[in-house]
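One structure is given below, encoded as structure tokens.
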């Protein structure tokens, strides 16, 4: 890092939400470059930091012993200066008083952890927050999809969910363990799906909903199985888990592992009052079917998780996706600032290839 070098980022560019904060803070530590972010969420109904963003920034600051400027809910400009000695707290505990998504809180830590070298193991204990939330990766999705792809590159992360949390009260209890890689991470090359013949999945339902006269989990699973057999004629292995949680909720994720190492998934799907169990199952099934039928090895949510890793790895990495989302665009523009790498998007029949080099 050059003395005095700082990257200034307009927090309103791209999709203009919290992802800019999470990505930039993670990249800042990973590449050891201070940042200033202005106009945070400037065009949102409530501009500035929200509680979840504040919590995420303070968590990565505490973990990496970095310096975060004074900020609070509503702050529209922050600076973050990474610890030049690259020291890490090997254990931190985080109390979350809201249903803030744990998956989103972990995102800047995931990014920073690609460069952790001096520590054998890092443990992050979280009390509170949500294991499931809207527009956020659930913890079973991270464990079964994202972190398994990370491990193929040499980066090992593990999640132990002791209690699930749903909106509005949260209340999850989770331990995240990071095992930093001692060797160079290997490139990500996922441009073919390969052969798949089994759809796996988890349906998580809180015990408050057991009073229902109808078995929600069985109805969701039956609907998934019917749609999968009708469209793909694949076998399924979908588990139903009844869990303790402070707030009632339903969350599910489907995934399928191919013979060449790809893992395709639905991402996280949440139950809602106005969606019947049968319809929820069909939504989940159709989501994974569209990737399989189009030979897509990286779902729209996984692409956002992989791009920072691809930016850190020295060699060329490439992935095939169905769409270029706004989050993907934000991600790609930020890596040009931090990693001094470029990217290429190749549009082909019904899909896109993203190369980072």
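Could you give the nm distance between label points at residue 345 and residue 241, where each point is 7 Å from its Cα heading toward the beta carbon?
3.5 nm
Relative to the longest principal Cα axis of the chain, at what angle does helix 277-293 sit, 0 to 90 degrees, rounded to 10?
Around 70 degrees separate the two axes.
When the Cα centres of segment 95-141 and segment 21-38 are compared, how far apart do they sit, in Å?
Here the answer is 17 Å between Cα centres.
R0 = 35 Å: FRET efficiency of residue 46 with residue 6, Cβ-based, nearest 0.05?
0.80
Mind ordering 89-100, 170-181 by average Cβ neighbours within 10 Å, highest first?
For the peptides 89-100, 170-181, the packing ranking is 170-181, 89-100.
Evaluate the distance, in nm, between pseudo-label points positioned 7 Å from the Cα of residue 293 and of residue 83 along their respective Cα→Cβ axes.
Computed distance between label sites residue 293 and residue 83 equals 5.1 nm.
If each residue of separation counts as 0.36 nm, what is the full-extension length gain between residue 91 and residue 229 once their alpha-carbon separation is subtracted? Each step should come with its number before you reach the end.
Values: separation 138, 0.36 × 138 = 49.68 nm, distance 4.60 nm.
Length gained between residue 91 and residue 229: 45.1 nm.
Under the 0.36 nm per residue contour assumption, what length would be gained going from the current alpha-carbon distance of residue 195 and residue 316 to full extension?
41.1 nm
Rounded to two decimal places and with Rh computed the Kirkwood way over Cα pairs, what is Rg over Rh for segment 1-84?
With Rh from the inverse mean 1/r over Cα pairs, Rg/Rh is 0.94.
Identify the residues of segment 343-357 with backbone N under 19 Å of a label point that sits 7 angstrom from the Cα of residue 15 along the Cα-to-Cβ direction, or state none.
So the set is 345, 352-355.
Relative to the longest principal axis of the chain, what angle (0 to 90°, nearest 10) does the C-alpha long axis of helix 300-312 take?
Relative to the chain, helix 300-312 is tipped by roughly 30 degrees.
In what sequence, highest mean first, do 235-242, 184-191 appear when ranked by Cβ atoms within 10 angstrom?
Final packing ranking: 184-191, 235-242.
Taking a quarter of the surface of the Cα convex hull of segment 182-331, what do you get in nm²?
Working: hull surface 43.8 nm².
Approximately 10.9 nm², given one-decimal rounding.
For segment 114-265, place one equal point scatterer on every Cα, skip the solvent, and apply the Debye formula. What is log10 of I(q)/I(0) at q = 0.08, 0.12, 0.14, 0.15 Å⁻¹?
The calculated log intensity ratios at q = 0.08, 0.12, 0.14, 0.15 Å⁻¹ are -0.28, -0.62, -0.82, -0.92.
For an R0 of 30 angstrom, estimate the FRET efficiency from the Cβ-Cβ distance between residue 58 and residue 325 and round to the nearest 0.05.
Efficiency, rounded to the nearest 0.05: 0.65.
Based on DSSP H runs of at least 4 residues, each adding -39500 (n - 2.57), what is the mean residue ellipticity at 222 nm of the chain after dividing by all its residues, to the nearest 500 deg cm²/dmol?
Result for the chain: -9000 deg cm²/dmol, rounded to the nearest 500.
Does anyone have the angle between helix 216-231 and the longest principal axis of the chain? Alpha-carbon axes, 0 to 90°, nearest 10?
Around 90 degrees separate the two axes.
Once you compute Rg and the Kirkwood Rh from C-alpha atoms, what is the Rg to Rh ratio for the chain?
0.96
No lab work stands behind these numbers, since they all come straight from the coordinates. Keep in mind the model is a prediction, meaning the values are calculated, not measured. Counting neighbours? That spans all protein chains shown, and the Cβs are built from the backbone with ideal geometry, glycine included.
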